[in-house]
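Engineer: Here it is, the structure in full.
The values are calculated or read from the model by the stated rules, or taken from the named source; none is laboratory data. Quick caveat, the model's predicted, so the values are computed rather than measured. Cβ placement follows ideal geometry from the backbone for every residue including glycine, while neighbour counts extend to all protein chains displayed.
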Amino acid sequence: MWVDIRVQAEPLDPLEEQATLWQGQPQVGALVNFIGLMRDFNEDAPVSRLVLEHYPGMTEKALAAIAAEAGQRWPLLAIRILHRVGSLAPEDPIILVAVTASHRGPAFRACEFLIDYLKTRAPFWKKEITPTGERWVAARATDTAAADRWVAPGVEPPG
């Protein structure tokens, strides 16, 4: 399995990044991705900017461990995880998680697993800029519940 993990301040082009995962690789039967975008609200309040911080080295190591776990659970061909840091504006892509496999089932499950685990296990800190000032974004119980569905290796989440 091939893995590409990047944490970067530079903008990312999700379409270009996806295309390089399947073009010229006829063994790929499925490409599933998730693109997280910066939105202009959170908790019913307007947000004009999002500042993402990380701990270089530690963040990439955590992302690699999450990708390795996905590769142990499903027969995947490639995983690409790209995560932005720095200052972002509404509509900017924040994250791309893309997975290729020979078949769609493993690709869908692995992509969902990766984003669920990234939301709870990856060391990123988010600060929102709002009309009333700056605020740090706390972890959501819904994100933790989504990741908890995958606790036992080989166990598929309900539903």
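Engineer: What number of residues in region 72-103 are of a type outside the set (A, V, I, L, M) and part of a loop (DSSP other than H, G, I, E, B)?
Structural biologist: So the count comes out to 7.
Engineer: Take L76 and decide whether it is surrounded by 14 or more Cβ atoms within 10 Å (Cβ to Cβ), closer than 21 Å to R49 by Cα and either modelled with pLDDT of 95 or more or over 17 Å from the mean Cα position of the chain (by Cα) (or both).
Structural biologist: When the stated conditions are applied, L76 does not pass them.
Engineer: Would it be correct to say that T142 is of a type in the set (S, T, Y), at pLDDT 95 or above and under 18 Å from the mean Cα position of the chain (by Cα)?
Structural biologist: Taking the combined requirement at face value, the residue does not satisfy it.
Engineer: Just one of L50, L31 is over 24 Å from A110 (Cβ atoms), buried (at least 18 other Cβ atoms within 10 Å of the Cβ), of a type in the set (A, V, I, L, M, F, W, C) and modelled with pLDDT of 95 or more; which is it?
Structural biologist: Going through L50, L31 in turn, the sole match is L50.
Engineer: Any chance you could count how many residues in region 96-109 are surrounded by 24 or more Cβ atoms within 10 Å (Cβ to Cβ) and more than 10 Å from N33 (Cα to Cα)?
Structural biologist: Adding up the residues that qualify gives 1.
Engineer: Also, I was wondering about something else. Hey, among the residues in region 34-47 that are within 22 Å of E17 (Cα to Cα) and touching a strand residue (DSSP E or B) at 6+ places or on another chain (Cβ under 8 Å), which one's surrounded by the most Cβ atoms within 10 Å (Cβ to Cβ)?
Structural biologist: Residues of region 34-47 that are within 22 Å of E17 (Cα to Cα), as a first pass: 34-39.
Of the ones still in play, those that are also touching a strand residue (DSSP E or B) at 6+ places or on another chain (Cβ under 8 Å) are 34-38.
Working: F34: 17, I35: 16, G36: 17, L37: 12, M38: 21.
Of everything passing the filter in region 34-47, M38 is surrounded by the most Cβ atoms within 10 Å (Cβ to Cβ).
Engineer: Oh, and also: Considering only residues that are of a type outside the set (A, V, I, L, M, F, W, C) and part of a strand (DSSP E or B), which ones fall in region 4-59?
Structural biologist: Within region 4-59, D4, R6, Q8, N33, G36, N42, P46, R49, E53, H54 meet the criteria.
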